[in-house]
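Working notes, beginning with the structure itself.
The values are calculated or read from the model by the stated rules, or taken from the named source; none is laboratory data. Because the structure is a prediction, the values reported are computed rather than measured. Please note: Cβ atoms are built from the backbone with ideal geometry, for glycine as well, and neighbour counts cover all protein chains shown. Remember, those area values only see protein heavy atoms, side chains included, never the ligands or the DNA or RNA. Shrake-Rupley method; radii C 1.70, N 1.55, O 1.52, S 1.80 Å.
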Amino acid sequence: MRARTVIAALAATVALAGLTGCAASQPDTAKPTSSTSTAPSVAKTVYDECVDGQATVLASKLTGDFSLEGDCKTVSIVGAAKKGTTITLPALDLLVIEGNATKVTADSAAKIVFAGNDNVVQHGGHAEVEDHGTGNSATER
């Protein structure tokens, strides 16, 4: 008799658990609350000036020769400068030229990376050169 009571109680529990999952769901009428958290800010790219030791020069927007001032150790040049434009840079750890047909003079550069084509770099001191384009030259002056 006791076994029947336990089995009946167990069956009732399983049946109730199954019915609970079948209950009609109520629509969510809760209104969203405003969040006090703010979305992470996205840093705006600053062109043609040194910020925290780095600079991106937008060569295609230059109207003539350009000199970068400041203690910049990493410079990236993007876009193609107008014919005859020279970009003058301070001593650098890394110079990356992603544009085409750009003429650059650097006090020195530890490493020069060409990602574009037909660029000319004159630099002081010895530089490691990595060339992924064609027609690029880096010469020590």
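Please work out how much length the chain gains when fully extended from ARG141 to HIS126, using 0.36 nm per residue of separation minus the C-alpha to C-alpha distance, in nm with one decimal.
4.4 nm
Along the Cα→Cβ direction, 7 angstrom out, place labels at SER67 and ALA43. What is the inter-label distance in nm?
Distance between label points: 2.7 nm.
Name the long-range amide H neighbours of THR105: under 5 Å, sequence gap of 5 or more, or other chain; modelled H, no Pro or chain starts.
ILE87, THR88, LEU89, GLN122
Students often check this: by mean Cβ neighbours within 10 Å, which of 92-104, 53-65, 69-81 ranks highest, and how do the rest follow? Please report the intermediate quantities before stating the final value.
On the way: 92-104: 20.9, 53-65: 16.5, 69-81: 18.1.
So the order, starting with the most tightly packed, is 92-104, 69-81, 53-65.
Can you work out the accessible area per residue across the stretch 86-141, with the rest of the protein chains kept in place, probe 1.4 Å, in square angstrom?
46
Which one, ASN117, ALA106, THR45, is farthest towards the positive end of the dipole of the stretch 45-123 when Lys and Arg carry +1 and Asp and Glu -1 on their Cβ?
ASN117
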